[in-house]
Amino acid sequence: MAKTQGGVEKFSENYITLVLTSPTGINEELLSPNTFFISNIYPNPFNPFFTVKTSSDKTESVRFEIFDVSGRKISALDKTVPEGISFTSFDLSQNPSGIYFLYIIHPTQSSFHKLVLLK
């Protein structure tokens, strides 16, 4: 059974979802309002700086939290991310080499990212 939403046909059966884009190849859902995504986190592994590249269709508040491998929060940043492409850099020069986790909290979504600090 197919249903169309914004020019995108969706088929769903037995927990499998297939999304087919329009003939132009543009997924119209990606163009919907309130779009925010993380384009890139680089470099990874890093020493001692890394940058988060985000893209948003409007100015919004985003929270970045960094945790060490034991789950201890070592840094937090509340930032107003402007419309368009934005870059946020972090300095972990005061921390030892190891595995860290970046938790990004946005009003409509959140995500975890594994990072490796090599000194």
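The values are calculated or read from the model by the stated rules, or taken from the named source; none is laboratory data. All figures in this text were calculated on a predicted structure; none of them were measured in a lab. Virtual Cβ from ideal backbone geometry, glycine too; neighbours counted across all protein chains shown.
Which members of region 56-97 meet the condition of being under 23 Å from THR108 (Cβ atoms), of a type in the set (Gly, Ala, Ser) and touching a residue at least 40 places away in the same chain (Cβ under 8 Å)? The one that is under 23 Å from THR108 (Cβ atoms), of a type in the set (Gly, Ala, Ser) and touching a residue at least 40 places away in the same chain (Cβ under 8 Å): SER61.
Only one of the numbered conditions (1) at pLDDT below 95; (2) out of contact with any Lys or Arg (no Cβ under 9 Å at 6 or more places or on another chain) is not met by PRO33, and that is (2).
The set of residues from region 37-51 being in contact (Cβ under 8 Å) with a residue 24 or more places away in the chain and in a loop (DSSP other than H, G, I, E, B) comprises ASN44, PRO45, ASN47, PRO48. Taking region 97-119 as the range and being small (Gly, Ala, Ser) and assigned to a strand (DSSP E or B) as the test, the residues that pass are GLY98, SER110, SER111.
Counting just the residues of region 52-72 that are small (Gly, Ala, Ser) and in a strand (DSSP E or B), which one comes out surrounded by the fewest Cβ atoms within 10 Å (Cβ to Cβ)? It would help to see each step written out before you state the result.
First, the residues of region 52-72 that are small (Gly, Ala, Ser): 55-56, 61, 70-71.
Keeping just the survivors that are in a strand (DSSP E or B) gives 55-56, 61.
Values: SER55: 15, SER56: 18, SER61: 11.
Going through the qualifying residues, I end up with SER61.
Could you tell me whether region 81-96 includes any residue that is loosely packed, with under 11 Cβ neighbours inside 10 Å, of a type in the set (Gly, Ala, Ser), modelled with pLDDT of 95 or more and not in a strand (DSSP E or B)? Yes, because at least one residue in region 81-96 is loosely packed, with under 11 Cβ neighbours inside 10 Å, of a type in the set (Gly, Ala, Ser), modelled with pLDDT of 95 or more and not in a strand (DSSP E or B). In this structure, THR108 does not satisfy being in the same structural domain as ASN40 (by TED's automatic domain parsing) and at pLDDT 95 or above.
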